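Report on the following structure.
The values are calculated or read from the model by the stated rules, or taken from the named source; none is laboratory data. Bear in mind that the values here come from a model prediction, so they are computed numbers and not experimental data. Virtual Cβ from ideal backbone geometry, glycine too; neighbours counted across all protein chains shown. Accessible surface is based on the protein model in full, side chains and every heavy atom, while ligands, DNA and RNA are left aside. Shrake-Rupley method; radii C 1.70, N 1.55, O 1.52, S 1.80 Å.
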Amino acid sequence: MYKALKQGYFNCVLDNARLTLGFCITIVFIFAWFIPQFELDASSDSLLLEDDLDLQYYVETIDRFGSDDFLVITYTARKDLFKTSALNDLKQLRDELLLLPNVDQVISIFDVPLIDSPRINLAQLQDHIPTLSDQNIDIELAKLELLESPIYKNLLMSLDGDTTAILLKLKRNQEILDLEDQRNEIRKKNLNDDQTDIEKNLEQEYTKKIKVLRAQLLDRQQKDITSIRSILLSYEGEAEIHLGGVAMIVSDMIEYIRNDIAVFGSAILIFLILMLSIIFRRIRWVVIPLTCCAVSVLLMAGLLGHLQWRVTVVSSNFVALLLIFSLSITVHLIQRYRELHLENKDQSQRWLVMHTMRYKSLPCIFTAITTMVGFASLLVSGIRPVIDFGWMMVIGMFVVLVTAFIVFPAMLMLLSAGEPQQEDDATQSITGFFATFVQKHSFVIAISGVLLTVISMIGVTRLKVENRFIDYFKENTEIYQGMLKIDQELGGTMPLDIVLDADRKFISQQSFTINQDDSFAEDDFDDEFNDDFGEELNNEFILAEGSFNDLGATSYWYNNFRLDKVREVHDYLDQLPETGKVLSMATTMEALEILNQDKTPGTFFLSVLYNRLPLDIKQALFDPYLSADGNKVRFSTRILETNKELRREELLGKIRNHLTNEMGFEPDRVHLTGMMLLYNNVLQSLYRSQILTMGVVFTAIMIMFAVLFRSIRIAFSAVLPSVFSVGMILGGMGLVGIPLDIMTITIAAICIGIGVDNSIHYVHRYRQELSKESNHIKAMKNSHSSTGRAMFYTSLITFIGFSILALSNFIPSILFGLLTGLAMLIALIANLTFLPLLLKLAKVS
């Protein structure tokens, strides 16, 4: 069966080369048709953990309290912000933004109620809500209120009064929201194993629809961001302006991905042409490998477009990787062909091509499979973009292997063999130096390996996952500058919500017990009302009493005693060095005290007040912080992302511990949520992902090597140099303080998968040489001078190719490229030094 298959392959590809290439061209054109559908994705959903239970609660929190996902425009006037001309410019900007078709809401200093400029009472507020846009507003008092208001200061206004914020909420897709609600209901059943097959299929159907709609929404939002920026650009003469927010970050990151793909592809293409020209000095050895690379990339890009599989920041370098891996295989094929041609000058082209492919088929197939295993290990990470990246590269490596074994021999068959080339480049001296060094200094190599392994292990124990999202971007990018401005002057960037539930006993009994210290008398009520509202409300006492019964009987938090506890929690959160702006019902109460002549409202008065407030005020002061039934209270907290002492896991633990152990809340009543928590969950999963991926790839490759070499000792020897190189990289990261992130966690699995490629080629050649000479030294030298040269070429190409990723604006991509390239060089050195020693110790025959 195997012989028949092999003979069929040679007959098809070698004897019908033109037909084979014509078929390949047709397939490429078919797949190229789908390349325009190739899409990019940088949404926040693409950076979250799959099946994160906290994500479900986060969605529920948004449904209950509303989303605070705003675009933030920071506006620092070049003159006094509260001068008439500056205010006119700012108002004009606000009005232009409001006219954009997909802007749902704009909140600026012109849109928020001012109740102390001058001070007004509740009755006046019901007639008219004063704002900065009013003709009779006192500008100086308004400035003072905006600077001192518990709500507006450090949120809409910087503490120095020089910078203000304009908050924009883009229109959401209601169809997406409805589908997500329906899908979440199905997923809840899955948590309890109550999901039926019909519901599973329905969940998949919803997911597909959501994916399509989100893609459309992302495209629309990118255009919205462009429109907003064009408006902002016309005001840069009057102010220093920065744009921030999730939608803006997503838009810019998509541009980074698009730019990275274009730059990496172009730069690596130019680099490959130069390297191939320098190394092989024949045009055929430039054209054939590049054709194999181009076919692989076009097929994969078309396939991703056809499957509507969006590329994220993690997988944005897949083009560069495909080019490098394709070239790695073709370089080994070229090197073997040249060796055969030099040794067999009189043989036909068919004989040379056939023996090249026959000799290299097994090692190339296994190198491709080991690389696929390396990427496949990423599927257990639990992080959606990393999983997608793993699948893309598994499929991509299969495409690269098939392309190389079809296009390479078919193109060669259209050319004559010509005169063989003498291999007289400097590579012979380099690999020869390593062979001599191994022969003369085996003890030094062994001791060095042990010492470096110990140092690496120490470094690995210091490896951390804590990193700042702002550090993912270069300082000259708009994302970095916008986050920095918002963080330092407008209350922080990363949202963290704390939700406190009512006591379970209260909920079950649905009764309201007034604490003795919180009791009130009818006289207190009369005094309070007469002082604040006069006789106008006496006729509404019945209405007020009914309202009180509605709120009082069902609300746990909306009373003086419990609001005091809210104030305690608020003050605790506010004093933490890692937090910026904190908003809660405590902030609402501070604002309401102004309406109550700077006096703390009593419980009865709070109920009446709630019913008397205009709807806009309720929506701004109550809805984001108090659930409709009054049994959940939310603290909206902003974390200072620029704080270099920020330790997310420690901060979350400290907050949870204080609320439960110090303040006495039962653990099941305390819920931490928000993007900060979800991002931290991703970071904390990196350790687990790193261990899982390394364990999976190491085990799988060991099994494959045992099958390939039929020896556990050889398998262990072959995989050890790659493990050593990865240990050096991870240990170095730990020693110099480079944290793991969603890109660098892929280094270990990828480097082991790629690094063992050279080991396979070397062991394969070493065993053949040993069978001829029966001398380890001669076998090593012959392997270094032949396969060692191809290893050197591919490793050098890989190193420089990955280093091109340093051109990215995304710091994790830069680190990924530089560290992976360095790991490849270390793996090369380890394969040329440690591997021969290990094979000798393993008594390879």
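Going 7 Å from the Cα of residue 437 along its beta-carbon direction, which residues of segment 741-767 have the amide nitrogen within less than 15 Å of the resulting point? Those under the cut-off are none; the list is empty.
A crude spin-label estimate for the pair residue 669 and residue 274, with each label 7 Å from Cα along the Cβ direction, gives 6.7 nm. When the surface is traced with a 1.4 Å probe over the full set of protein chains, residue 252 keeps roughly 20 Å² accessible. For the chain, the longest principal axis of the alpha carbon atoms and the long axis of helix 17-32 meet at an angle near 0°. Using heavy atoms of the protein chains and a probe of 1.4 Å, the accessible area assigned to residue 666 is about 80 Å².
Cα centroids of segment 359-430 and segment 630-656: 47 Å apart. If R0 equals 30 Å, the separation of the Cβ atoms of residue 398 and residue 212 corresponds to a calculated FRET efficiency of about 0.65. When both segment 197-267 and segment 96-172 are represented by their alpha-carbon centers, they are found 29 Å apart. Compared with the alpha-carbon gap, the fully stretched path from residue 735 to residue 590 is longer by 47.3 nm at 0.36 nm per residue.
Entry note: segment 331-462 has Rg to Rh equal to 1.11, where both radii use alpha-carbon atoms and Rh is the Kirkwood radius. Placing dummy labels 7 Å off each Cα toward the beta-carbon, the span from residue 19 to residue 134 is 8.8 nm. Multiplying the residue separation of residue 478 and residue 565 by 0.36 nm and subtracting their alpha-carbon distance yields 27.3 nm. A 1.4 Å probe over all protein chains sorts 419, 185, 39 by accessible area into 419, 185, 39, starting with the largest. For segment 679-689, the Karplus equation 6.51 cos²θ - 1.76 cosθ + 1.60, evaluated at θ = phi - 60°, returns couplings of 5, 5, 4, 5, 4, 5, 6, 5, 4, 4, 5 Hz by residue, with Gly and Pro reported as x.
Among the listed pairs 565/632; 440/778; 169/599; 474/581; 83/169, those whose Cα-Cα separation exceeds 24 Å are 169/599; 474/581; 83/169. For the set 70, 716, the ranking by accessible area, highest first and with no ligand, DNA or RNA atoms included, is 716, 70 under a 1.4 Å probe. Annotation: amide H of residue 163 within the under-5 Å range of 158, sequence separation 5 or more or interchain, hydrogens built in the peptide plane.
For the chain, the longest principal axis of the alpha carbon atoms and the long axis of helix 541-554 meet at an angle near 30°. Extension gain for the segment residue 505 to residue 5, taken as residue separation times 0.36 nm less the Cα-Cα distance, is 172.6 nm to one decimal. On the basis of the beta-carbon distance and an R0 of 25 Å, residue 223 and residue 160 show a calculated FRET efficiency of 0.10.
Computed from the Cβ-Cβ distance with R0 of 25 Å, the FRET efficiency linking residue 185 to residue 615 stands at 0.25. Charge tally around residue 140: other residues with Cβ under 15 Å, Lys/Arg +1 each, Asp/Glu -1 each, net -3.
Here percent of Cα pairs over 48 Å apart was computed from the coordinates, and among (i) 36; (ii) 29; (iii) 20 the match is (i). Adding -39500 (n - 2.57) for every DSSP H run of four residues or longer, then dividing by how many residues the chain holds, sets the calculated 222 nm ellipticity at -22000 deg cm²/dmol. Listed by chain and number, the lysines whose alpha-carbon sits under 19 Å from that of residue 360, ignoring those within fewer than 8 places in the same chain, are 3, 6, 772.
Residue by residue, segment 830-838 carries 3J(HN,Hα) couplings of 5, 5, 8, 10, 5, 4, x, 5, 5 Hz when phi is fed to the Karplus relation 6.51 cos²θ - 1.76 cosθ + 1.60 (θ = phi - 60°); x denotes Gly or Pro. Taking amide H as placed 1.01 Å from N in the peptide plane, the amide H of residue 556 sits under 5 Å from that of 631, each at least 5 places away or on another chain. Among 429-442, 819-832, sorting by the average number of other beta carbon atoms lying within 10 angstrom of each residue, highest first, gives 819-832, 429-442. Database remark: amide H of residue 311 closer than 5 angstrom to the amide H of 39, 40, 41 (H placed geometrically; neighbours at sequence offset of 5 or more, or on other chains; Pro and chain starts carry no H). In terms of packing, defined here as the mean over residues of other Cβ atoms within 10 angstrom, the peptides 318-324, 793-799, 692-698 line up highest first as 318-324, 793-799, 692-698. 3J(HN,Hα) along segment 251-256, derived from phi through the Karplus expression 6.51 cos²θ - 1.76 cosθ + 1.60 where θ = phi - 60°, amounts to 4, 5, 5, 5, 5, 4 Hz, with x in place of Gly and Pro.
Against the chain, whose longest principal axis comes from its Cα atoms, helix 522-532 is set at around 80 degrees. Protection proxy ranking, highest mean first, for peptides 172-180, 336-344: 336-344, 172-180, where packing is the per-residue count of other beta-carbon atoms within 10 Å, averaged.
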